[in-house]
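To start, the structure under review is shown below, and the notes come after it.
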């Protein structure tokens, strides 16, 4: 039996190289500063937020009905190379992040784990672009650093049964409580966790019980 679950938010040669490097840098800066945000993605992003706010108040919204259509539009825009700016990529990542999970034979899986990997790639690129132009306001408002970790953790969890950073929780049928999803502690240091606004491993384990690692 399958149950769908929707997620709730670079001499002469040297001179030549140096000049070339400046050109590449200036071209990158021009692309970042001149390109306009895609209004279609912005509208999808705003709708994504609105339906979740409504569902939180009324518990009446079929989120996956909207999310599926939104994801398909993002895929089309990606195919047409219309996801260009940092905000485009961040917003697209958020929409793909809301790929539904499902219970299958008692195990929590995803209808498409690869969507989380794509969301991770998009949010990682957005983070680099925002950092490049030193847009600290957007970075802080969007919680993008943690979003990067969250997307990668979801990809690993729904593909292999464990996570890297420690952003994901799973429901335990036996105890009827939320447990920290298994963490492979060899994948990330606490310094890397801090970069993505995730607590140190000892803090996570002190606060939460963790589900055992799956057999590999």
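Laboratory data are not the source of any read-out in this text; all were calculated from the coordinates shown. What you are looking at is a predicted structure, and each value in this text was computed from that prediction instead of being measured. A quick note on method: Cβ atoms are made from the backbone with ideal geometry, for glycine too, and the neighbour counts reach across all protein chains shown.
Listed by Cβ neighbour count within 10 Å, with the fewest neighbours leading, 67, 173, 184 appear as 173, 184, 67. If R0 equals 35 Å, the separation of the Cβ atoms of residue 84 and residue 109 corresponds to a calculated FRET efficiency of about 0.60. As a proxy for reagent exposure, ranking 65, 176, 131 by other Cβ atoms within 10 Å from fewest up yields 176, 65, 131. In this simple spin-label approximation, residue 216 and residue 57 carry label points 7 Å from Cα along the Cα→Cβ vector, and these lie 4.7 nm apart. Computed from the Cβ-Cβ distance with R0 of 22 Å, the FRET efficiency linking residue 69 to residue 128 stands at 0.15.
Taking other C-beta atoms within 10 Å as the exposure proxy, 186, 99, 138 rank 186, 138, 99 from fewest upward.
Fully extending the segment from residue 171 to residue 205 would add 10.6 nm, taking 0.36 nm per residue of separation and subtracting the current Cα-Cα distance. In terms of its alpha-carbon gyration tensor, the stretch 53-196 comes out oblate; a/c meets the 1.5 threshold, while b/c is at least as large as a/b.
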